[in-house]
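Chemist: First, the structure itself, so that you have it in front of you.
Bear in mind that the values in this text are calculations on the coordinates, not laboratory data. What you are looking at is a predicted structure, and each value in this text was computed from that prediction instead of being measured. When we count neighbours, we look across all protein chains shown, and the Cβ atoms used for this are built from the backbone with ideal geometry, even at glycine.
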Amino acid sequence: MQITVKARFNSSSERFEKYGQNRYLFYLPFEQDGDAQEVLISLLSRYMGVPPARIAFRGFDQNKDWVFEVN
């Protein structure tokens, strides 16, 4: 299953919104850095109830959204 995440870094608080079929909007209270991929996988794991080992980063789509694959 493919999951698309639109990440908004440097927000005032952490929250999640689902805005479509397998599409999520994450507001995150920190800057985007080298650890952002691992943090997003961890948050997806917690939000979806799936072990982190089953979530893989696939890249970015044309809108610069994060694309993950859940096995």
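Chemist: With +1 on each Lys and Arg Cβ and -1 on each Asp and Glu Cβ, and nothing else charged, work out how big the dipole of the chain is about its Cα centre, in Debye to the nearest 20. Walk me through the numbers before you get to the answer.
Modeler: Working: 9 positive and 9 negative charges, 61 e Å.
In debye, rounded to 20, the chain gives about 300.
Chemist: Determine the relative contact order of the chain: mean sequence separation of Cα pairs under 8 Å and six or more apart, normalised by residue count, in whole percent.
Modeler: Once normalised by length, the contact order is 34 percent.
Chemist: Once you order the gyration tensor axes a ≥ b ≥ c over the Cα atoms, which shape class does segment 2-70 get: rounded for a/c under 1.5, otherwise prolate or oblate by comparing a/b with b/c?
Modeler: Judged from the Cα gyration tensor, segment 2-70 comes out rounded (a/c under 1.5).
Chemist: Once both axes come from the Cα atoms, what is the angle between helix 36-48 and the longest principal axis of the chain, in degrees from 0 to 90, rounded to 10?
Modeler: 70
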